[in-house]
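Visitor: One structure is given below, represented as structure tokens, and several questions about it will come after.
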Amino acid sequence: MAPEASWPALDLFFASHPWHGVAIGPDAPRQVTVYVEIVPSDTVKYELDKDSGLLKVDRPQLYSNVCPSPYGFVPRTLCSARVAALAEAKTSRPGLVGDDDPLDILVLTEKDFTHGNILVQALPIGGLGMLDGSEVDDKIVAVMVKDAVYGGVQDIAHLPTLLVDRLKHYFLTYKQAPSEAQPACELTRVYGREEAFEVIRRSQADYLDRFGETLGPLVAKG
């Protein structure tokens with residue numbers, strides 16, 4: 001039996017790796033699958049263990065910051081050269097590199113999620129251009145599909161200013177110790193839906209550059 005013929009059979013016996021084994025979705029970048037790692041009620045920072053595909057404790061939440069909405073990443077994406085090149089062009093800041101992680105995404109919803117390690121369908125509406133030193137660490141902002149409150153929002157510009165400020169404040173301060181005068185991260189810009197689509201496309205291309213040949217039939221499945 002050809003190796004590629006065995007992939008569907010493996011799906012029956014093993015859980016898919018959230019980063020590599022889950023499809024981004026046929027309508028990406030307009031609608032994407034999101035793997036949720038943490039939710040607002042979490043008192044520890046959960047993060048995907050890239051080797052095993054299991055959710056691990058990255059660190060306890062040391063300060064008062066509360067993640068404003070379910071937060072995770074877009075499967076089969078990577079923030080690398082193409083994503084960094086876009087950030088360089090938008091900020092006129094040379095020497096930027098991707099953070100070498102899947103593309104981060106926050107999903108706005110009226111619903112209360114009790115835990116992560118789940119998949120959600122979301123509609124990207126914009127993003128926050130973030131830098132951690134010289135590393136590009138963009139946060140895509142999306143709304144949950146069919147959400148009663150946020151589902152009809154088309155662009156981040158249509159959100160209340162206070163809500164956007166809340167998102168910006170969280171990502172600027174969630175790594176900052178009280179003794180630090182300056183934020184650990186930098187917000188370079190808030191961008192709308194079309195640029196978010198471009199960031200997602202570039203992160204898909206970065207992923208294929210890194211993993212397409214290695215994963216082969218798995219990536220080709222969707």
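Visitor: Between LEU96, LEU162, LEU54, find the one with the highest GNM mean-square fluctuation for the chain; connect C-alpha pairs within less than 10 Å.
Guide: LEU162
Visitor: Okay, moving on. Starting from the Cα of ALA157, step 7 Å along the direction of its Cβ; do the same at LEU119; then give the gap between the two resulting points in nm.
Guide: 3.4 nm
Visitor: Shifting gears a bit: Quick one: if the Förster radius is 30 Å, what FRET efficiency do ASP165 and THR91 give, using the C-beta to C-beta distance and rounding to 0.05?
Guide: On the way: r = 21 Å, r/R0 = 0.69.
The calculated FRET efficiency here is 0.90.
Visitor: With axes computed from alpha carbons, what is the tilt in degrees of helix 193-215 against the longest principal axis of the chain, rounded to the nearest 10 within 0 to 90?
Guide: The angle comes out near 40 degrees.
Visitor: So what is the 222 nm mean residue ellipticity for the chain from helices alone, if each DSSP H run of at least 4 adds -39500 (n - 2.57) and you divide by all residues, rounding to the nearest 500 deg cm²/dmol? Walk me through the intermediate numbers first.
Guide: Values: 5 runs with 56 residues, N = 222.
Mean residue ellipticity at 222 nm (helix-derived): -7500 deg cm²/dmol.
Visitor: Which order results if SER64, SER41 are arranged by neighbouring Cβ count within 10 Å, fewest first?
Guide: Values: SER64 8, SER41 11.
Placing the least packed residue first, the sequence is SER64, SER41.
Visitor: PHE13 to ARG189: FRET efficiency via 1/(1 + (r/R0)^6), r the Cβ-Cβ distance, R0 41 Å, to the nearest 0.05?
Guide: Numbers: r = 45 Å, r/R0 = 1.10.
About 0.35, to the nearest 0.05.
Visitor: Same structure, new question: Select from ALA184, ALA142, ALA89 the residue whose mean-square fluctuation is largest in a Gaussian network model of the chain (Cα-Cα springs shorter than 10 Å).
Guide: Judging by the Gaussian network model, the answer is ALA89.
Visitor: Quick one: of the DSSP bridges fully inside region 20-215, what percent are antiparallel, nearest 5?
Guide: Values: 31 of 38 bridges.
Counting only bridges with both partners in region 20-215, antiparallel ones make up about 80 percent.
Visitor: Counting other beta carbons within 10 Å of each Cβ, put VAL57, VAL164, VAL107 in order, fewest first.
Guide: Working: VAL57 11, VAL164 16, VAL107 27.
Ranking VAL57, VAL164, VAL107 by Cβ neighbours within 10 Å, fewest first, gives VAL57, VAL164, VAL107.
Visitor: Then there's this: On full extension of the chain, what length is gained from ASP27 through LEU62, given 0.36 nm per residue of separation minus the C-alpha to C-alpha distance? Each step should come with its number before you reach the end.
Guide: Details: separation 35, 0.36 × 35 = 12.60 nm, distance 3.81 nm.
Length gained between ASP27 and LEU62: 8.8 nm.
Visitor: For THR188, what residues show an amide H to amide H distance below 5 Å, using hydrogens built from the backbone and excluding near sequence neighbours?
Guide: Result for THR188 returns GLY129, MET130, LEU131.
Visitor: What is the distance, in nm, between label points placed 7 Å from the Cα along the Cα-to-Cβ direction at LEU208 and at THR173?
Guide: 4.2 nm
Quick note: the coordinates plus some simple rules give every number you see, no bench work behind them. In this text the structure is predicted, and so the values were computed from the model without any measurement. A quick note on method: Cβ atoms are made from the backbone with ideal geometry, for glycine too, and the neighbour counts reach across all protein chains shown.
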